[in-house]
């Protein structure tokens with residue numbers, strides 16, 4: 001699912017909200033997650049999962065085309081670990097994955 005589809009489905013489930021308002025809300029949530037990770041923190045969304053930052057140490061790599069050795073800098077990358085509730089919902093069966101109304105979201 002892409003962001004525009006998510007915004008559209010939320011707007012359909014909550015007709016009292018304008019699609020532009022839903023878009024702003026989704027964008028604000030995603031921006032806050034990114035900002036939290038950029039500060040080196042951890043973002044936990046209860047019942048959904050945890051976003052955190054992991055590190056790859058600096059190392060020496062090799063260009064496979066030329067055989068030349070290169071220094072690869074240390075890098076940070078995002079990691080997501082789904083909650084137990086998400087794992088259980090995914091393993092219940094295919095019919096339970098479809099969300100038709102806000103009341104079905106647990």
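Every read-out reported here was derived from the displayed coordinates using simple, explicitly stated rules and does not represent laboratory data. All figures in this text were calculated on a predicted structure; none of them were measured in a lab. When we count neighbours, we look across all protein chains shown, and the Cβ atoms used for this are built from the backbone with ideal geometry, even at glycine.
Between (1) 0.98; (2) 1.03; (3) 1.50, which entry matches Cα Rg over 2.2 N^0.38 Å as derived from the coordinates of this structure? Among (1) 0.98; (2) 1.03; (3) 1.50, the one derived from this structure is (3).
Does a label point 7 Å from the Cα of residue 86, set along Cα-to-beta-carbon, have any residues of the range 1-31 with amide nitrogen under 16 Å, and which are they? Output list for this probe position: 1-3, 6, 29-31. The C-alpha atoms of the chain define a longest principal axis, and helix 3-13 lies at about 20 degrees to it. Angle of helix 19-38 to the longest C-alpha principal axis of the chain, folded into 0 to 90 degrees and rounded to 10: 30°. Look at the alpha carbon pairs under 8 Å that are at least 6 residues apart: their mean separation over the length of the chain gives a relative contact order of 19 percent. Note: the range 37-76, Cα convex hull, 83 Å³ per residue. Shape class of the range 52-94 from the alpha-carbon gyration tensor: oblate, with a/c at 1.5 or above and b/c at least as large as a/b.
Across the range 1-62, the mean sequence separation of Cα contacts (distance under 8 Å, 6 or more residues apart), normalised by length, yields a relative contact order of 18 percent. Take the alpha carbon atoms of the range 2-35, find their center, do the same for the range 63-92, and report the distance between the two centers in whole angstrom. With the range 2-35 and the range 63-92 each reduced to a Cα centre, they are spaced 26 Å.
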